[in-house]
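Only the coordinates and a few stated rules stand behind these numbers; no lab work does. Only a predicted model underlies this, so the values are computations on that prediction, with no experimental measurement involved. Neighbour counts run over all protein chains shown; Cβ positions are idealised from the backbone, glycine included.
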Amino acid sequence: MITIHELRSKYIEFFKSKGHAEISGKSLIPENDPTVLFTTAGMHPLVPYLLGEPHPAGKRLTDYQKCIRTGDIDAVGDPSHLTFFEMLGNWSLGDYFKEEALAWSFEFLTDPKWLGIAKDKLSVTVFAGEEGIPRDDVSAEIWKKLGIPAERIHYLPREDNWWGPAGETGPCGPDSEMFVDTGKAACGPDCRPGCHCGKYFEVWNDVFMQYNKDSEGRYTPLKAPCVDTGMGIERTVAMLQGKKSVYDTEAFTDVLAAIGRACGKTYASGDDSGKSFRIIADHARTSTFILGDPRAVTPSNVGAGYVLRRIIRRAVRHGRKLGIEGSFLPGIAEVVIAVYRGPYPELEENRGRILEELAKEETKFLETLQKGEHEFEKMLPNLLKNPRKVMSGRLAFKLYDTYGFPIELTEELAAENGMTVDRPEFDEAFKKHQELSRAGSEQVFKGGLADHGEAAIRYHTATHLLHKALRMVLGDHVAQKGSNITAERLRFDFSHPDPMTPEQIRRVEEIVNEQIRRDLPVSMKVQSLAEAKAEGAIALFGEKYEESVKVYSIGDFSKEVCGGPHVERTGVLGKFVIQKEQSSSAGVRRIRAVLE
Ligand code: SER
């Protein structure tokens, strides 16, 4: 029976045999992408390359990528939803197109040397077309030639067979999806691939990236059409093993057993406690990966840190439902690390941080919970008198505001007592009291891919100038610790022990503005990482790089390993102004700057 680790290796091996370079998956926390908190798909770190930037490893790439999607977080606990998952992918950057992509997908799925899925169990879907974009007969013909009969080739509309952009803007196009028939009876005459009754199981998605959608909603053809494919490891292995649930695969066996030891119960998928087991298993895995990431965030009240806090706290609460009183998440995380340390050595490297942060957040939350639940109990007799069975949003907000008791948990407690919470009223109170940064992060929470608009590109180049200028003024110990760009500003975190003096800030601004005045050309070359370092290029410590990397030089001023994109000349940047210099965390300073 194939395991998650075997599927991962087989996939990479197969595409290497088809001339693809294996690249390493990237961080879960995207850098320089203001529109998302986490990497949401295998193609996400490749967006600039799908839009035409040359990739140093070539035009055929394959990798496995850790992803987080929190849009469905409330569905976690059922047998199929996960917040963290691994995605396998292969890409053509303006190289092969439909013919090869579909033929290779078919070969990998059906050849006994690879997955060996019976051909007569495969169904596929292709784009049905719409105004201005033709029906994808080309893909349908290819499938026929490969041996899929017409009755198992389904033409479906945009809703099913169009992918991206994941956010407002970016690469997108029609796709073709592959399904395995599980043998279950059809749910009705309209049952077809894409139906959610469980008969058809989606295993793979081949996207034919042909357009870039811009912020005005226009679709312009890409310079070179690309292929982006994605296969979810957990789901596919569940199907190959004949399991009904991703939680029945060995990705979770040891984790669920460890939860069982912590609470003195055995995991049984069907009973009530099964849901709590699954929520803890999923959330413990996701938080272990976030805390084990080279660009880890820690629990906080904004952005990705807030998502992390929410999932840790939800896991703790379900632990309590199972009867676990004290701290248990670090123990579960140890098991997650043991399962994944092979393909993800960063988990082992960051073991200390993972365990410490989980224990810290658990303790904090247990105190909050005790207080909040106690207050809820006190309110309960009165609440139960309400004939509409609705708890007012104002009261729910009081629990949040006074005791830090999360609204999701208030809603759960209310539901356990047959009530709902007036959420619009809560949201209104919540909005009024939240500082702007939090509101901003909620917006990002909705997700979407990077807007590589002109403004953001200018800030990206300005960030390189700033980085170099800081090293000149403060010293070579300055290293980038984080960077975040929007169309309105840049934010740059760097290692430095003390606050900068006004004189140092002025000096840095001056140096950057001088490089802008010089209108320096920006150039890029591909070289080995060792060569780049030997030539004095700045590379980020702790970042995973390919063997060949892209190195961006700004005139004779700066040289940095970076994926791009950048402006062509610094003259277009305008005037660089540092608005704020403050502490970010111990030993790390944060600068916020704008281009005027
Ligand atoms: N981008 C597509 C997906 O996420 C294929 O990789 O499904």
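What pairs from LYS10/LYS98; LYS243/LYS364; LYS66/LYS265; LYS18/LYS119; LYS16/LYS144; LYS121/LYS213 go past 29 Å between their alpha carbons? In this structure, LYS243/LYS364; LYS66/LYS265; LYS121/LYS213 exceed 29 Å between Cα atoms.
The Rg/Rh ratio for the stretch 7-57, using Cα coordinates for both the radius of gyration and the Kirkwood hydrodynamic radius, is 1.01. When the alpha carbon coordinates of the stretch 138-222 are projected onto the principal axes, the ranges are 45, 29, 20 Å, largest first.
When N is the residue count of the stretch 153-299, what does its C-alpha Rg come to as a fraction of 2.2 N^0.38 Å? Could you put the intermediate results ahead of the total?
Values: Rg = 19.7 Å, N = 147, 2.2 N^0.38 = 14.7 Å.
Rounded to two decimals, the normalised Rg is 1.34.
In summary, the stretch 1-129 shows an alpha-carbon radius of gyration equal to 1.16 times the 2.2 N^0.38 Å reference for compact globular proteins.
Using only Cα coordinates, the Kirkwood hydrodynamic radius of the stretch 324-373 works out to 11.8 Å.
The separation of the stretch 309-358 from the stretch 453-519, counted between C-alpha centres, amounts to 36 Å. Counting beta carbons within 10 Å around each of ASP190, ASP206, ASP74 and listing the fewest first gives the order ASP190, ASP74, ASP206. For the stretch 304-320, 3J(HN,Hα) computed residue by residue from phi via the Karplus equation (6.51, -1.76, 1.60; θ = phi - 60°) reads 4, x, 6, 4, 4, 4, 4, 6, 5, 5, 5, 4, 4, 5, 6, x, 5 Hz, glycine and proline entered as x. Dimensions of the chain along the principal axes, based on C-alpha atoms and rounded to the nearest Å, stand at 69, 68, 46, largest first. Cβ-to-Cβ counts within 10 Å put GLU6, GLU141 in ascending order as GLU6, GLU141, the fewest first. Adding -39500 (n - 2.57) for every DSSP H run of four residues or longer, then dividing by how many residues the chain holds, sets the calculated 222 nm ellipticity at -12500 deg cm²/dmol.
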